[in-house]
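Here is the structure we will look at.
The values are calculated or read from the model by the stated rules, or taken from the named source; none is laboratory data. Being a predicted model, the structure only gives us computed values, none of them experimental. All Cβ positions, even for glycine, are placed from backbone atoms using ideal geometry, and neighbour counts span all protein chains on display. Each accessible area value is taken on the protein alone, full model and side chains, heavy atoms only, with ligands, DNA and RNA left out. Shrake-Rupley method; radii C 1.70, N 1.55, O 1.52, S 1.80 Å.
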Amino acid sequence: MKIANVVLSLACVISFSCTHAKIGYFWHITDFHYDPLYTPQGDTRRFCRRIDERSSSGHHQALGRFGDYSCDSSLELIESAAKYMRTRHSENVEFVLWTGDIIAAQYSGNEDDRYRAIRNMTELLSRTFSSHFVFPVLGHLDPSPSESLTNLWMHWLPLEALQTFKIGGYYTIEQSHSKLRIVALNTNLFGIREVNSVPAKAQWEWLDAVLDKAQANKEMVYIVGHAAPGTDLRPTYNALSVDANAKYLRMVRRHAKIIAGQFFGHLHADTFRVIYDKDQPVSWALLAPSVSPHHDPAGSSNPGLRLYKFDSDTGKVLDYTQYYLDLAAANRAGSGGAEWIAEYNLTQYYGLRDVSAESLHNLADKLRIGVPQETAMFNKYLRAYNVKQESTDNCDGACAHQHFCAITCLEHVAYRQCVEAAASALAASAQSSEVVTPMINMLSILVMILVILL
Ligand SMILES: *[C@@H]1O[C@H](CO)[C@@H](O)[C@H](O)[C@H]1NC(C)=O
Ligand SMILES: *[C@@H]1O[C@H](CO)[C@@H](O)[C@H](O)[C@H]1NC(C)=O
Ligand SMILES: [Zn+2]
């Protein structure tokens, strides 16, 4: 015990880290996809909504009260998440990042209905984090910025932030007690539909100016948004347009030194991105999985919540704990059965020395195909990606390589080239293990040519 203390204080003297590092925490929660019409009696082919009795033949009943993998979130699921976060409240939680897609796409086309549902979610979070600021950003399922939305969130945002939020849905938060600045983007303005709009242009200019000013003031910056740059195996509808994607990446490279982290949602998957400048890893983005369960042809996911640990003076991200709910088990347990638990801690799970572009680059390198001794690492990654939901269809070599390409090639052209290169490498290795087949193929082609000529 005593020796440990001596070693610890020696380490403090040498690194200065103990006197300087002030450990803080923040939550990152995303993609609630709250569906007020969810019912456990609902039909999974109808978004788990109640259907009228006469047409109930072949009814595919939802899994239960906490939700179904093929549907959006029930109120009970979101309430259980909020309750769990309250129990996990350490004194040191400093803020909450809430990255959009609050309401289910299919809920209602009526603006008032959607606004009321957003208000309910806002009230839930206000009760859950009664002494904290929640920083919301807009997803593609959220309404455009407006007076009413601004009023709804005004207790969380300072005046200056409210001004830009009201016109463009973006804002920046300056922390009074540290050199960390939060830059909240409206990534809807990076989409193909908005790319030439006035607010989209205004956001680019504003972002450039904010980053320049931060650099001049020696601040560190967190960039927070709904949709991340890049591509993925899971469909990234409503993501950044090709131009906006390239422009965003250029901006990140230019300011990489002051960007202490990029945080996104949207994908409903747990993954990460490494941004390179002349082949050097210079920045990273972490994508948190959704609170909503998820299902698509490529697999399904359990609901997730993420708590970051950081140095609240410098903004340096130290780690995160990923929490999740085993949805099937929670439904089997019934009322009060939602047991959110810690799934893993980033640095420990992947054996990272720290959370940096270089460490995440080294991790990505282990996820390449052709590194057979690292299959275990890839399987770990895939388990996290699906938030511990066992995938029924396995991810083959081509799929594994697509994951690697998504993590490391954020430019659209580079991603395609990466995937194609992998496909031909895989085809070549498949052929070299079967030498006879190409011979037969060539023979049959020769025969065909002869037949045609004759
Ligand atoms: C919002 O909350 C109120 C009060 O709890 C409830 O009556 C109403 O149904 C909720 N509406 C939506 C859309 O969630
Ligand atoms: C993650 O770290 C926290 C504290 O740092 C610890 O309480 C928890 O048990 C760890 N969880 C896992 C799954 O390793
Ligand atoms: Zn979403």
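Determine the gain in length on full extension of the stretch Gln175-Arg254; use 0.36 nm per residue of separation and subtract their C-alpha separation, reporting nm with one decimal.
26.1 nm
To the nearest 500 deg cm²/dmol, what mean residue ellipticity at 222 nm is calculated for the chain from DSSP H runs of n ≥ 4 alone, each contributing -39,500 (n - 2.57), summed and divided by the residues?
Values: 15 runs with 181 residues, N = 454.
So the calculated ellipticity at 222 nm is -12500 deg cm²/dmol.
Tabulate in residue order the Karplus-calculated ³J(HN,Hα) for the stretch 115-129, using 6.51 cos²θ - 1.76 cosθ + 1.60 with θ = phi - 60°, rounded to whole Hz; enter x for Gly and Pro.
Computed from phi, the couplings for the stretch 115-129 are 4, 4, 5, 5, 4, 5, 5, 4, 5, 4, 6, 5, 5, 5, 10 Hz.
If ligands, DNA and RNA are left out, what is the accessible area of Asp113 with a 1.4 Å probe, given in Å² to the nearest 10?
Taking all protein chains as shown, Asp113 has close to 40 Å².
Give me the percent of the accessible area of the chain that comes from carbon and sulfur atoms, probe 1.4 Å, all protein chains in place. All intermediate terms of the calculation are to be shown ahead of the outcome.
Details: 12290 of 21860 Å².
Answer for the chain is 56 percent, counting heavy atoms of protein chains only.
Which of the GluC sites (Glu not before Pro) found in the stretch 65-151 are loop residues per DSSP with 13 or fewer other Cβ atoms within 10 Å of their Cβ? Walk me through the numbers on the way to the answer.
Working: sites: Glu76, Glu79, Glu91, Glu94, Glu111, Glu123, Glu147; in loops: Glu91.
Listed in order of number, the matching sites are Glu91.
Ratio of alpha-carbon Rg to the 2.2 N^0.38 Å globular estimate for the chain, to two decimals, please.
Values: Rg = 24.1 Å, N = 454, 2.2 N^0.38 = 22.5 Å.
Working it through for the chain, the quotient is 1.07.
Keeping all protein chains in place, calculate the accessible area per residue for the stretch 21-399 (probe 1.4 angstrom), answer in Å². Write down the numbers at each step before the final one.
Values: 16130 Å² over 379 residues.
Using a 1.4 Å probe on heavy atoms only, each residue of the stretch 21-399 averages 43 Å².
Each label point is 7 Å from the Cα along the Cα-to-Cβ direction; what then is the distance between the points at Ala414 and Arg127, in nm?
4.6 nm
For the chain, give the magnitude of the charge dipole about the Cα centre (Cβ charges: +1 Lys/Arg, -1 Asp/Glu; no others), in debye to the nearest 20. Let's see the in-between values first.
On the way: 41 positive and 47 negative charges, 143 e Å.
Its charge dipole is roughly 680 debye.
Between Ala423 and Tyr349, what length in nm is gained on full extension when 0.36 nm per residue of separation is reduced by their alpha carbon distance? Spell out each step's value before the answer.
Values: separation 74, 0.36 × 74 = 26.64 nm, distance 2.94 nm.
Extra length available between Ala423 and Tyr349 comes to 23.7 nm.
What FRET efficiency comes out for the pair Arg50/Arg119, r = Cβ-Cβ distance, R0 = 35 Å, nearest 0.05? Working shown, then result.
On the way: r = 24 Å, r/R0 = 0.67.
Calculated value: 0.90.
First measure r as the distance between the Cβ atoms of His60 and Arg332, then evaluate 1/(1 + (r/R0)^6) with R0 = 22 Å and state the FRET efficiency to the nearest 0.05.
Values: r = 18 Å, r/R0 = 0.81.
Result of the calculation: an efficiency of 0.80.
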